[in-house]
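Chemist: Once you've had a glance at the structure underneath, I'll fire off some questions.
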Amino acid sequence: MALSLQSPFTQQVLDSLRAGDQVLLSGVVYTARDAAHARFCTALAAGEPLPVDLRGQTIFYAGPTPTPPGKASGAIGPTTSTRMDPYTPPLLAYGVKALIGKGQRSEEVKAALMQNGAAYFVAVGGCAASLAACVQSVEVLAYPDLGTESVKKLVIRDLPLTVAIDTRGEDFYREGQKRYLESVR
Amino acid sequence: MESIRTIPSAAITDCVARLCIRACTVLPGQVVTLLEAAGRTEPYPPAQNTLRLIRQNAVVAATKNVPICQDTGMAVVFAEVGQDVHIAGGTLEDAVNAGVARGYAEGWLRKSVIRDPLRRQNTGDNTPAVLHVRLTAGDHLKLTVSPKGFGSENMSRLAMLTPADGLEGVKAFVLETVRLAGANPCPPIMLGVGIGGTFEQVALLAKEALVELREGPHPDPYYAALEEELLSSINRLGIGPQGFGGRTTALSVRIKTAPTHIAGLPVAVNMGCHVTRHATETL
Ligand code: SF4
């Protein structure tokens with residue numbers, strides 16, 4: 001059974017999650033990919049505020065297709081998280097609490113998640129037509145010059161996710177593959 | 001003398017625009033068939049569930065006319081131009097790029113192309129396309145648009161192996177590539193493997209092997225057996241759909257080869273995700 005949860009998360013909820021938990025996430029998340037992350041980290045290094053206050057918030061690594069007229073959102077889905085690894089520890093130290101993407105993370109990111117009590121979720125990659133139905137609104141908040149890579153506020157409802165790395169640093173990629181291999185041994 | 005057939009460049013633009021939209025919204029029947037077969041052979045329930053979501057998504061995309069994946073890719077276009085064709089009203093390249101710009105605008109597809117690899121300014125219309133042209137016999141023009149997402153493209157690899165590395169070296173390189181890619185290229189993956197040729201040729205062989213989605217087994221039994229062996233080795237790694245464990249790490253392995261030098265054994269793996277798409281039309 002999937003857990004119905006709200007974003008932003010409370011620390012108590014985040015701490016209660018375990019790698020492998022299925023989640024239906026509702027509430028507010030912010031999109032940011034490579035180019036926005038680079039700008040965030042330049043701002044943080046210079047001691048400047050981010051264009052959007054992301055402390056306590058959830059970042060979704062996603063660049064949707066344009067929203068066609070009459071629809072709430074274009075197709076949307078996670079991009080590969082590894083590319084955001086170099087930018088992630090400073091953002092977690094700044095106060096971002098949850099990340100949504102796809103694929104494994106580095107040991108540095110795992111350590112930073114544990115240290116900051118944050119969690120990493122994944123959505124199924126390449127299912128953007130289905131996931132679009134979970135997005136109720138899309139609003140560009142910062143860096144409009146980046147096109148699909150701009151920072152957008154999404155209001156979502158029941159976005160299906162899996163907890164990939166929990167606040168204790170447990171990694172469901174490792175665990176899931178191990179469980180499968182044991183099941184066929 | 002053969003007569004020359006004239007094809008207006010506007011017809012090429014129209015065709016490419018249509019193909020961009022079709023490729024991004026309708027998964028090729030062959031990929032659907034492979035996904036259905038995987039659903040029947042996958043023994044691990046969580047993996048079965050992911051495969052079901054993936055199949056449902058393709059149905060939603062095709063029926064609602066929305067992109068299968070938000071990464072609608074860089075437009076890789078293959079043009080087979082009959083040598084009795086005259087393109088009137090503009091160059092092939094301009095016609096193709098105009099088609100990509102129109103298709104990505106009219107289809108509400110994502111614009112993911114940047115002008116310069118280091119200075120990174122989005123071109124805003126997903127051009128330029130990556131255009132591969134081949135001259136063929138006859139007076140037809142065959143166009144294939146294959147939008148390539150970079151979650152999988154980034155996990156592709158190329159190695160200049162030596163003759164001593166041989167068959168075992170090729171197998172080890174393919175498996176290592178899949179292992180390193182892990183969950184990143186949206187498994188279940190599809191692999192295009194190029195073997196032979198030169199440095200640049202082997203990459204194109206791998207791309208063609210992926211895009212052509214050849215029907216049936218490899219015509220050469222030696223390579224048909226190698227494709228089968230690689231596929232079953234990959235599907236023993238345990239990565240599984242989405243990387244959360246399962247048998248179905250790959251849906252297919254397709255090999256294309258070319259003659260090579262006595263000193264060389266180039267090998268390239270072009271990684272494709274479960275949204276390995278293309279659309280083709282002949283003018
Ligand atoms: S790898 Fe393929 S399925 Fe995954 S996000 Fe990229 S294009 Fe989509």
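The values are calculated or read from the model by the stated rules, or taken from the named source; none is laboratory data. This one's a predicted model, so the numbers in the text were calculated from it and none came from an experiment. Quick reminder, even Gly has a Cβ in these numbers, built from the backbone with ideal geometry, and neighbours come from all protein chains shown. Heavy atoms of the whole protein, side chains included, go into the accessibility calculation; ligands, DNA and RNA do not. Shrake-Rupley method; radii C 1.70, N 1.55, O 1.52, S 1.80 Å.
Chemist: May I ask you to say which residue of B:VAL174, B:VAL145, B:VAL193 is assigned to a helix (DSSP H, G or I) and hydrophobic (A, V, I, L, M, F, W, C)?
Modeler: B:VAL174
Chemist: Hey, another quick one. Within the range A:171-185, track down each residue that is facing chain B (nearest Cβ under 10 Å) and not hydroxyl-bearing (Ser, Thr, Tyr).
Modeler: Within the range A:171-185, the first condition is being facing chain B (nearest Cβ under 10 Å), and the residues that meet it are A:172-184.
Scanning the range A:171-185 gives A:PHE172, A:ARG174, A:GLU175, A:GLY176, A:GLN177, A:LYS178, A:ARG179, A:LEU181, A:GLU182, A:VAL184.
Chemist: Among the residues of the range A:82-92, which ones are open to solvent by 10 Å² or more (accessible area, probe 1.4 Å) and away from the ligand (no atom under 14 Å from the Cβ)?
Modeler: In the first step, residues of the range A:82-92 are kept if they are open to solvent by 10 Å² or more (accessible area, probe 1.4 Å); the result is A:82-83, A:85-87, A:89-90.
A:ASP85, A:PRO86, A:TYR87, A:PRO89, A:PRO90, listed by residue number.
Chemist: May I ask you to list the residues in the range B:1-33 that are among the small types (Gly, Ala, Ser) and either touching a Cys at 6+ places or on another chain (Cβ under 8 Å) or over 13 Å from B:THR276 (Cα atoms) (or both)? Outline the logic, then answer.
Modeler: To start, the set of residues in the range B:1-33 that are among the small types (Gly, Ala, Ser) comprises B:3, B:9-11, B:17, B:23, B:29.
Listed by number, the residues that qualify are B:SER3, B:SER9, B:ALA10, B:ALA11, B:ALA17.
Chemist: Applying the selection to the range A:1-26, what residues are crowded, with 19+ Cβ neighbours inside 10 Å and free of Cβ contacts under 8 Å to residues at least 40 places away in the same chain?
Modeler: A:LEU5 - this is the single residue of the range A:1-26 that is crowded, with 19+ Cβ neighbours inside 10 Å and free of Cβ contacts under 8 Å to residues at least 40 places away in the same chain.
Chemist: Filter the range A:129-148 for residues that are β-branched (Val, Ile, Thr) and open to solvent by 40 Å² or more (accessible area, probe 1.4 Å) and give the result.
Modeler: A:VAL138, A:VAL140
Chemist: Of all residues in the range B:120-142 being away from every other protein chain (no Cβ under 13 Å) and in a loop (DSSP other than H, G, I, E, B), which is nearest to the ligand (Cβ to nearest atom)?
Modeler: In this case the residue turns out to be B:ALA129.
Chemist: For the range A:75-185, which helices (runs of 4 or more DSSP H) that fit wholly inside it have 3 or more residues that are closer than 28 Å to B:GLY246 by Cβ?
Modeler: Result: A:107-116, A:128-131, A:172-184.
Chemist: Is it fair to say B:THR123 is among the hydroxyl-bearing types (Ser, Thr, Tyr), in contact with a Lys or Arg (Cβ under 9 Å, 6 or more places away or on another chain) and under 20 Å from A:ALA62 (Cα atoms)?
Modeler: yes
Chemist: Of all residues in the range B:29-62, count the ones that are open to solvent by less than 30 Å² (accessible area, probe 1.4 Å) and within 18 Å of A:GLY125 (Cα to Cα).
Modeler: 11
Chemist: To continue, here is another question. Which count do you get for residues in the range A:22-37 that are under 16 Å from A:LEU154 (Cβ atoms) and assigned to a helix (DSSP H, G or I)?
Modeler: Looking only at that region, the number is 1.
Chemist: Tell me, which residue of the range A:149-170 that is open to solvent by 20 Å² or more (accessible area, probe 1.4 Å) and within 11 Å of another protein chain (Cβ to nearest Cβ) is farthest from B:LYS64 (Cα to Cα)?
Modeler: If we take residues in the range A:149-170 being open to solvent by 20 Å² or more (accessible area, probe 1.4 Å) and within 11 Å of another protein chain (Cβ to nearest Cβ), then A:GLU149 is farthest from B:LYS64 (Cα to Cα).
Chemist: Can you tell me which residues in the range B:70-110 are within 16 Å of the ligand (Cβ to nearest atom) and either more than 14 Å from chain A (Cβ to nearest Cβ) or open to solvent by less than 40 Å² (accessible area, probe 1.4 Å) (or both)?
Modeler: B:GLN70, B:ASP71, B:THR72, B:GLY73, B:ALA75, B:VAL76, B:TYR104, B:GLY107, B:LEU109, B:ARG110
Chemist: Pairs, please: C-beta under 7 Å, at least 6 apart or cross-chain, first residue within 14 Å of chain A (Cβ to nearest Cβ) and in the range B:143-166, second away from the ligand (no atom under 16 Å from the Cβ) and open to solvent by less than 20 Å² (accessible area, probe 1.4 Å)?
Modeler: Filtered contacts from the range B:143-166: no entries.
Chemist: Right, something else. Quick check on A:ALA118: is it crowded, with 23+ Cβ neighbours inside 10 Å and more than 12 Å from chain B (Cβ to nearest Cβ)?
Modeler: Yes.
Chemist: Follow-up question, since we're still on this one. For the range A:42-81: of the residues being among the β-branched types (Val, Ile, Thr) and surrounded by fewer than 21 Cβ atoms within 10 Å (Cβ to Cβ), which is nearest to B:PRO185 (Cα to Cα)?
Modeler: Checking each candidate, the answer is A:THR67.
Chemist: Identify, please: which residue in the range B:244-268 is within 14 Å of chain A (Cβ to nearest Cβ) and open to solvent by 10 Å² or more (accessible area, probe 1.4 Å) and is, among those, farthest from B:ALA37 (Cα to Cα)?
Modeler: Once the filter is applied, the top-ranked residue is B:PHE244.
Chemist: Filtering the range B:193-237 down to residues that are polar (S, T, N, Q) and touching a residue at least 24 places away in the same chain (Cβ under 8 Å), which residue is farthest from B:ARG247 (Cα to Cα)? First the steps, then the outcome.
Modeler: Start the filter on the range B:193-237 by keeping residues that are polar (S, T, N, Q), which leaves B:198, B:201, B:232-233, B:235.
Applying the additional criterion that residues be touching a residue at least 24 places away in the same chain (Cβ under 8 Å) yields B:198, B:201, B:233.
Values: B:THR198: 34, B:GLN201: 32, B:SER233: 10 Å.
Once the filter is applied, the top-ranked residue is B:THR198.
Chemist: Take the residues in the range A:93-111 that are open to solvent by 10 Å² or more (accessible area, probe 1.4 Å), away from the ligand (no atom under 12 Å from the Cβ) and in contact (Cβ under 8 Å) with a residue 24 or more places away in the chain; name whichever of them is nearest to the other protein chains (Cβ to nearest Cβ).
Modeler: Once the filter is applied, the top-ranked residue is A:GLN104.
Chemist: Now for a separate question. Starting from residues that are open to solvent by less than 10 Å² (accessible area, probe 1.4 Å) and either within 14 Å of chain A (Cβ to nearest Cβ) or within 14 Å of the ligand (Cβ to nearest atom) (or both), keep the ones in the range B:226-238 and report whichever is nearest to B:VAL145 (Cα to Cα).
Modeler: Among them, the one singled out is B:ILE234.
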